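In what follows, a structure is listed as structure tokens, so that the remarks can point back to it.
The values are calculated or read from the model by the stated rules, or taken from the named source; none is laboratory data. Just so you know, these numbers come straight off a predicted model, no measurement behind them. Note that we place each Cβ from the backbone using ideal geometry, even for glycine, and neighbour counts take in every protein chain shown. Just the protein is used for accessible areas: all its heavy atoms, side chains included, with ligands, DNA and RNA removed. Shrake-Rupley method; radii C 1.70, N 1.55, O 1.52, S 1.80 Å.
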Amino acid sequence: MINAYTLMLAAIILLGFSMHGYVRGNKKYIVIAFLLLFCIMGLRDVNAFGSDASGSNGSYVVSYRGMKNTAWDDIASEDDENYNLGFSYLMKLVYELSDGDYQTFITVISAFFMFSYAHFVKRYSPDPMQSVLYFLGLLYFLMLFDILKQAIAMSILLFAFDAVMEKKLIKFILLTLLASWFHFPALVFLPSYIIGQIKVGKRYLIVLGAVLLLTYIFREQILQLMLDSYGKGDIEGGLDGIKFLRNKVVIMIVIVVAAVALRPPTPDDRLYNTLLVFAGVAIIFQTFCGYNNIFERLADYYFQTAIVFIPLVFEKCEKKSPFLDVISDRRMKTVAPFVFCAFAAWRFATMVTNSPTYMPFRFMWQ
């Protein structure tokens, strides 16, 4: 079905091939691609879908309109346990500057989202077109429509990732605290500074398997510790009947195992090492998503970097097994990414076409 989303997807692909969007650091393509993404996200008519009280992000509309009767001094006292104050202050600021126009609020924060992801792709991705397609196929683009608090925090943490790679601790702490000011669970990203300094090798999968085993054995204790840290109380009904490995976590494990097979980590391959370990951390959080979807949110703080991690896997494929010996380097570096990207494009197109959440689509001027 042809719609604004699929037209945007087609434009991103066609421009990618015509503008050599698969070349590292192609600034022109990255700018145009993320401008197209911004047009769909930031210039959509917020009254067309999911914007009223019954919509997918209706609570944000209610909170935004409530700023009319909320004084600056009252925000801290009215915010839930003083969490996410940054988001409330941002809403109040934009409300005052825009005379209460919710459309302006969505446009402003969407511009920030696209700027942060464009910066991340420009700086780290060996293949910008792949990264954009994975951004769509992993559904992070659509997710940003609905979870505005976390979307702001995730975008800020992409700049905190710069500090991890640059080994600038103060900058990292400040940016992570800023992200948590908008979405408190963003504090889960604090260990990433230490994680980013870990050098992994060929035993990575063994270590990850051992950690997963320990997580399974002590899952109730770990879950209770996490819930206590967020003041959520005791586990209700235990974890009986809840699958430890299910759906998305299986896909994540397959990606990591394939990555290690195709591009074995080496101590001097720092960016790849860091993103590989981030994927492992995301897997650990994801195993708890059967209990509460908050753990998938925690996993996303780390796994959003997969939009760069996956292209890195294909950048330097190495033959390390008899199975891989039957596949040429050229085919591995061209055919495999094509298959992955085709699946990502199909998944995105299927999601937006079959979901009433994102339809009907109208631009703000229509």
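Couple of notes before you dig in:
- Segment 276-293, subset surrounded by 21 or more Cβ atoms within 10 Å (Cβ to Cβ) and β-branched (V, I, T), residue modelled with the lowest pLDDT: T287
- Identity of the residue in segment 159-206, farther than 20 Å from Y83 by Cα and either touching a Pro at 6+ places or on another chain (Cβ under 9 Å) or hydroxyl-bearing (S, T, Y) (or both), that ends up least open to solvent (accessible area, probe 1.4 Å): S192
- Candidate set: segment 1-35, residues that are at pLDDT 90 or above and of a type in the set (F, W, Y); chosen: the one farthest from W365 (Cα to Cα): F17
- Applying the criterion of at least 2 residues that are of a type in the set (A, V, I, L, M, F, W, C), at pLDDT 85 or above and closer than 27 Å to L175 by Cβ to the helices (runs of 4 or more DSSP H) found wholly in segment 187-275 leaves 192-195, 248-262.
- The residues listed here are K316, K320; of these, the one that is over 20 Å from A153 (Cβ atoms), at pLDDT below 55 and among the charged types (D, E, K, R) is K320.
Here is a yes/no grid of residues against (1) farther than 17 Å from A344 by Cα; (2) of a type in the set (S, T, N, Q); (3) assigned to a helix (DSSP H, G or I); (4) in contact with a His (Cβ under 6 Å, 6 or more places away or on another chain):
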position: L9; (1), (2), (3), (4): no, no, yes, no
position: G21; (1), (2), (3), (4): no, no, no, no
position: I32; (1), (2), (3), (4): yes, no, yes, no
position: L36; (1), (2), (3), (4): yes, no, yes, no
position: A48; (1), (2), (3), (4): yes, no, no, no
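- Search result, residues across segment 78-108 that are within 16 Å of F182 (Cα to Cα), assigned to a helix (DSSP H, G or I) and open to solvent by 60 Å² or more (accessible area, probe 1.4 Å): E78, D80, E81, N82, Y89, L93, V108
- The residues listed here are A118, A111; of these, the one that is modelled with pLDDT of 85 or more, in a helix (DSSP H, G or I) and open to solvent by 30 Å² or more (accessible area, probe 1.4 Å) is A111.
- Answer residue from segment 129-151, given it is under 13 Å from R347 (Cα atoms) and not in a loop (DSSP other than H, G, I, E, B) and is nearest to the chain's Cα centre (by Cα) among those: Y140
- Candidate set from segment 36-75 (those that are exposed (fewer than 14 other Cβ atoms within 10 Å of the Cβ) and within 19 Å of I152 (Cα to Cα)); member that is modelled with the highest pLDDT: V62
- Residues located in segment 304-317, provided they are touching a residue at least 60 places away in the same chain (Cβ under 8 Å) and open to solvent by less than 20 Å² (accessible area, probe 1.4 Å): Q304, T305, A306, I307, V308, I310, P311, L312, F314
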